[in-house]
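Since the structure comes first, as structure tokens, the remarks are kept for the end.
Just so you know, all these numbers are worked out from the coordinates, no wet-lab data involved. Keep in mind that this is a model prediction, so the values were computed, not measured. Here the Cβ positions follow ideal geometry from the backbone for every residue, glycine too, while neighbour counts run over all protein chains shown.
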Amino acid sequence: MAAAVLPNPSAPPGATPATALKLAASNSKKPVSKYGVYSREEVAKHSSFEDGWIIVDGRVFDVTKFLNLHPGGKHIFADVLGKDASEQYFRFHETRQLDKYPKLLIGELDEF
């Protein structure tokens, strides 16, 4: 059973549900960028396997859901969760490797 689509009062009369959704999205007050700017202190709060962030090359990644998928195992992250992992990362990976996982990127470090 399909979910009911409620009318959007700002949509023109006769607008399709898709048009109404696009209009609602364009009227949203959310920031245009989905990425945030984080301090090292904020990143440090996310230092566990249940909630793990890392910094690589000034960018902040939420690796929580990726930990169990990493070919080297999640234990590889034990010493870098909540920290700058650039040095460790670049020992084994090229920069472009991060481009394979755009959903992990959540923002950038405030000092860059």
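Before moving on, here are some points about what is shown:
- Members of the stretch 54-112 found to be hydroxyl-bearing (S, T, Y) and over 17 Å from A44 (Cα atoms), listed by number: Y89, T95, Y101
- Answer residue from the stretch 66-77, given it is under 23 Å from Y38 (Cα atoms) and touching a residue at least 24 places away in the same chain (Cβ under 8 Å) and is surrounded by the most Cβ atoms within 10 Å (Cβ to Cβ) among those: F77
- Scope the stretch 32-65; condition closer than 18 Å to K103 by Cα and surrounded by fewer than 14 Cβ atoms within 10 Å (Cβ to Cβ); matching residues: V32, S33, K34, Y35, G36, V37, E50, D51, G58, K65
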